[in-house]
Amino acid sequence: MSFLLRMAWRDSRTSRRRLLLYVSAMTLGVAALVAIGSFRQNLRDAVDGQAKTILGADLQFEQRQPFSDRTEALIDSLGGEQAGEVQFASMVFFPTTGDTRLAQVRAIDGPFPFYGQLETTPQAAADAYARAGDVLVDQSLLSQFGIAPGDSVQIGRNRYRIAGGLDQLPGEAASAGLVTGPRVLVPADVLDQSLLNTGSRVTYVRRFRFFDNPDLESFRARYEGFFESERLRMSTPRDTEQGVGRALDNLYRFLSLTGFIALLLGAIGVASAVHVYVRQKRDTVATLRCIGASTRQAFGVYLIQAAGIGVVGAVMGALVGLLIQQVLPIILGDFLPVDVEVAPDIPSIAQGMAVGMIVTLLFALLPLLSIRKISPLRALRASVSNEDGKDPLRFVIYGLIGAGLVGFAVWLTGDWVTGFWFAAGLVAVFGLLAGTAYVLMWALRRVPLGGLPYVWRQGLANLYRPNNQTRVLVLSLGLGTFLLMTLYLTQRALIGQVEFAGIQSQANTILFDIQPTQVEGVTNIIEEQGLPLFERTPVVTMRLQRVNGRSVEALRDDSTYTGDRWPLFREYRSTYRDSLTAAETILEGDWHGNVAYDPSRPAEISIEQDIASDLGVGIGDELTFDVQGLPVQTRITSIREIDWQRLSSNFFVIFQPGVLEEAPQFFIATTRATGDEAGGRLQQAIVRAYPNVSVIDLDLILQTAEQILGRVSFVVQFMALFSIFTGLLVLLSAVAISRFQRVRESVLLRTLGASGGQVRQINGVEYLLLGMLATLTGLLLSIGGAWALARFTFDIPFSPPLMPILVAFVG
């Protein structure tokens, strides 16, 4: 071993710069794994330490209807310090500028939060707004409309003074407002109660702070049946910790897999570099054999060098990863509900380094095996070459690489199925890229090039000559292009579908929570604005009570029940009408919307196909609905398919007319307001006349979708850059290690009469064609990947945009 170590060190003297390039190819992959693993532990520590801050209380009850007398009695028995909250969506109107916006109103009753603090501008407004009867408005909304603290806002029929801007709520990520809408905090005792009308989507919350540390899990077990019967959701800091932990684990797995791709790409670069390096060391190995070194010793010298590459690369990657770890809180800040204190995590660093070293060594073993076949005779006759024969150990190494790939993927994802299919997909992409390079080299050997200029003939021949970089470059740049463009094309398809939905249905504005007494007034306002009225649809809320005579509770407890359980307990928003919309198609049965209702028989309904499948029901089956306290028995007479992409009133269940007309209900109306000015006038008129009516602007939804996808894309692109930079490092090392051979070729070309310009043109042609091939292959794979995501995951049409693809190709 002492001899092997000394020999490996001495032999590396003339190649250390090149070996350093090999190291750089795997550094970024190790850096990504170390940074993400260490940051994950920082996140876990932050969530564990801030679980109460995320929830804002020791215990929370949440319900979609006002708390019953039974629930209030239970709440009173718990004691402790209590605070209430009512959450709902409502239009807000700013008299100063005349602007309106749909916002999430949170009416606070009591101290909020018990743990953590509101971040406001100015900070004093967090404590003062409730005492003065003022409100806090999301800072983004104030900035959007140019509103300042001290101005007023109208919510419902009440007007409030704005005490300050709301920057962040404890336990909510900065991007939460994009999903829920801008938030407005108002004291509950000054809230306009008319906003809580029938049909309004209201959430009632009660929070507790205890001083005697009660056993909440025993309390949950004791009242589990009560919570289910009352449809009451109980949350504790432990629940929050587990829920946030699962979400962050998903984020960690995704980021880790992206970093793992960069590591594999670097390992392939190392394997390619070691292959050329070993070919250049054949004479040295033959000489060692001549002076008495055994095959095992010769192999051991270069195995130690490869292991050294892995160790140095792992150390450098760990150092770079610790630097990247400092940046991750900034990159991911919009998605984190907690403040993260960055600190190195030794186990995560060790794991990342170990994975890097193992993967590098496995990939380096493949080209190293040829050393065992080098004959001592090569030192006397260069024509002796038997090191390229078949070696059964290669199949063992291939098996180890495959097992390691699946094993690491399963370890990173925490799931056998996901890990296996990730590894299989990765192998397929690498295989397609490598296959493309192989087909190109095979074809160029057989295509006659005699009619091409000399420079082009030489450049094309370089693509399949010894020491070519065709495979490694197609893999590195092709994979990077594939990752980035798949993301971009998928994002464009999603955004394009939102735009298409709006154009297809023509309506771009929805008005909801219209009470029956307000329908005519709202209709008149729309017509006075000169806008079309597309729909005016009643909506009745209800819950499923029985399926073919069996209660939903009995079905839930029945282990033999084959249907899904989520449709049994969800709230249904249904309608009644005598005709179908353009988005609906009858698949089974007959539409009986024009049949008069017979109270002596079950009401006839049409049900959406997915709900029918989940419930395990079909034509002729009977469902009993609890329509706000009154049981209504129904019979399924038709099953519909719905195009959910259309902006229209789509429902799971439609009743025949004559059944629900007297039930408590609200209405939805749709129209089209072209331009911001027309939309603004309509919203102002509606809010002033009917403050409880909410208006949804499709253009605003599109902007929100773009912002959300843009932030997610930024994170994904950041991780994809690891693969891009790794690919460039692989390219650099591949060019550098073949430099010696290329110098000899260039000298020979100059000797034969080629000019320096011709030599440069030959290299230019080679790399131009390689870049075009690699990019084209990556683009074709990305188009296929984006199509598959659009077709099988998002179920949306896909049409690749030509200009961005052309720009990516040229770039």
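The values are calculated or read from the model by the stated rules, or taken from the named source; none is laboratory data. Bear in mind the structure is a predicted one, so any value in this text is a computation, not a measurement. When we count neighbours, we look across all protein chains shown, and the Cβ atoms used for this are built from the backbone with ideal geometry, even at glycine. Areas reflect the complete protein model, heavy atoms only, side chains present, ligands, DNA and RNA absent. Shrake-Rupley method; radii C 1.70, N 1.55, O 1.52, S 1.80 Å.
Brief remarks follow.
- Test item: Cα-centred dipole of region 1-48, Lys/Arg +1 and Asp/Glu -1 on Cβ, debye: 460
- In percent, rounded to a whole number, the relative contact order of the chain is 19, using alpha-carbon pairs under 8 Å and six or more apart.
- Think of the chain as a dipole: +1 on every Lys or Arg Cβ, -1 on every Asp or Glu Cβ, centred on the Cα centre; then among 735, 431, 695, 735 lies furthest on the positive end.
- Rounded to the nearest 20 debye, dipole of region 463-572 from Cβ charges on Lys, Arg, Asp, Glu: 860
- Global geometry of region 411-499, whether rounded, prolate or oblate, following the gyration tensor of its Cα atoms and the 1.5 cut on a/c: oblate
- Taking the average, over residues, of other Cβ atoms within 10 Å as the packing measure, peptides 311-317, 346-352, 293-299 rank 311-317, 346-352, 293-299 from highest down.
- Most simply put, the chain has about 80% antiparallel DSSP beta bridges, counting only bridges with both residues inside it.
- Most tightly packed first, judged by the mean number of other beta-carbon atoms within 10 Å of their residues, the peptides 802-808, 45-51, 251-257 read 251-257, 45-51, 802-808.
- When the chain is described by a simple charge dipole with +1 on each Lys and Arg Cβ and -1 on each Asp and Glu Cβ, the residue from 342, 807, 163 located farthest towards its positive end is 807.
- Under the convention that each Lys and Arg Cβ holds +1 and each Asp and Glu Cβ holds -1, the size of the dipole of the chain around its Cα centre is about 6620 debye.
- Charge tally around residue 250: other residues with Cβ under 12 Å, Lys/Arg +1 each, Asp/Glu -1 each, net +1.
- Packing, taken as the mean count of other beta carbons within 10 Å per residue, orders the peptides 143-150, 712-719 from highest to lowest as 712-719, 143-150.
- Surface composition of the chain: carbon and sulfur atoms hold 57% of the protein heavy-atom accessible area at a 1.4 Å probe.
- Proximal charge balance of residue 149 [Cβ under 11 Å; K/R count +1, D/E count -1]: -1
- Positive-end extreme of charge dipole, the chain - chosen from 777, 285, 302 (charges on Cβ): 285
- Gyration tensor (alpha-carbon) shape descriptor, region 467-597, a/c threshold 1.5: oblate
- For residue 52, the aspartates and glutamates whose Cα comes closer than 12 Å to its Cα, not counting residues fewer than 8 places off in the same chain, are 239, 241.
- Spatial separation of Cα centroids for region 277-342 and region 66-114, in angstrom: 56
- Karplus 3J(HN,Hα) series, Hz, for region 145-152 with 6.51 cos²θ - 1.76 cosθ + 1.60 (x for Gly, Pro): 9, x, 9, 10, x, x, 6, 10
- Candidate lysines - alpha carbon under 30 Å from residue 373, same-chain residues fewer than 8 apart omitted: 281, 390
- Where GluC sites (Glu not before Pro) fall in DSSP loop in region 520-556, at most 11 other Cβ within 10 Å: none
- Anisotropy class of region 327-455 from Cα gyration tensor, a/c 1.5 cut: prolate
- Count Lys and Arg as plus one, Asp and Glu as minus one, and take only other residues whose Cβ is under 15 Å from that of residue 408; the net charge is then 0.
- Accessible surface comparison of 604, 677, probe 1.4 Å, protein chains only, largest first: the order is 677, 604.
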